[in-house]
Amino acid sequence: IHLVVPPMDMPKYMDPAIQEVLQVLAEQGVKPMGPLFSYHHRRPADTFEFEIGFAVNGEVKPQGRVKPSTLPASRVVSSLYTGPYEGLGGAWGELERWVRAQGHVETGRFWEAYLSNPEETPDPADYRTELNWILG
């Protein structure tokens, strides 16, 4: 599902969109094969523009807002952040400083893989999120 939302509204739109994706996958007999991810098309400004989805074990047919897509083959730098989602901005800032210090060119595109399920990991301090920054 492709979303364009203000940062403060992200939680309001994420959960319903995740449930919609999972419902469509179940209806089509397709199973998630990895964690939820959000692929961001550009650096955040006034809004986040991103897709949410899962790697899956079969073909997904377009249905409603759910459309198949793929993550681009890319050179990336990855980092693992542990903590509440509110700390992701700071984690991305640290990763950005490292990327620039290494002389890498950034594209403004990135994705997050949410390795912890909040229903199974009740303490936000234990959430694990993989940060993937696409390099130019």
Looking only at the stretch 68-79, which residues are assigned to a loop (DSSP other than H, G, I, E, B) and either within 19 Å of residue 25 (Cα to Cα) or β-branched (Val, Ile, Thr) (or both)? 68, 69, 70, 71
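Quick check on the stretch 56-77: of everything there that is more than 19 Å from residue 19 (Cβ to Cβ) and among the small types (Gly, Ala, Ser), which residue is surrounded by the most Cβ atoms within 10 Å (Cβ to Cβ)?
Looking only at the stretch 56-77, we keep the residues that are more than 19 Å from residue 19 (Cβ to Cβ), and these are 57-59, 70-77.
From what is left, the residues that are among the small types (Gly, Ala, Ser) are 58, 73-74.
Details: 58: 10, 73: 6, 74: 14.
Applying the filter and picking the extreme gives 74.
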Quick check: anything in the stretch 80-99 surrounded by 16 or more Cβ atoms within 10 Å (Cβ to Cβ) and in a strand (DSSP E or B)? yes
Failed criterion for residue 83 (all others in (1) within 17 Å of residue 17 (Cβ to Cβ); (2) assigned by TED's automatic domain parsing to the domain that holds residue 130 hold): (1)
Tell me, which strands (runs of 3 or more DSSP E) wholly within the stretch 1-67 include 2 or more residues that are of a type in the set (Phe, Trp, Tyr) and under 12 Å from the mean Cα position of the chain (by Cα)? 36-40, 48-53
When residue 67 is evaluated against the numbered criteria (1) under 19 Å from residue 115 (Cβ atoms); (2) touching a strand residue (DSSP E or B) at 6+ places or on another chain (Cβ under 9 Å), which criterion, by number, is the only one it fails? (1)
Would you please name the residue that is surrounded by the fewest Cβ atoms within 10 Å (Cβ to Cβ), looking only at residues in the stretch 1-55 that are over 23 Å from residue 96 (Cβ atoms) and of a type in the set (Phe, Trp, Tyr)? 13
Only one of 76, 99 that is β-branched (Val, Ile, Thr) and under 16 Å from the mean Cα position of the chain (by Cα): 76
Just to be sure I understand, how many residues within the stretch 100-117 are in a loop (DSSP other than H, G, I, E, B), within 21 Å of residue 52 (Cα to Cα) and either modelled with pLDDT under 95 or among the acidic types (Asp, Glu) (or both)? 1
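The values are calculated or read from the model by the stated rules, or taken from the named source; none is laboratory data. All values derive from a computational prediction rather than experimental measurement. Methodologically, a virtual Cβ is constructed for each residue, glycine included, from the backbone with ideal geometry; neighbour enumeration extends over all protein chains shown.
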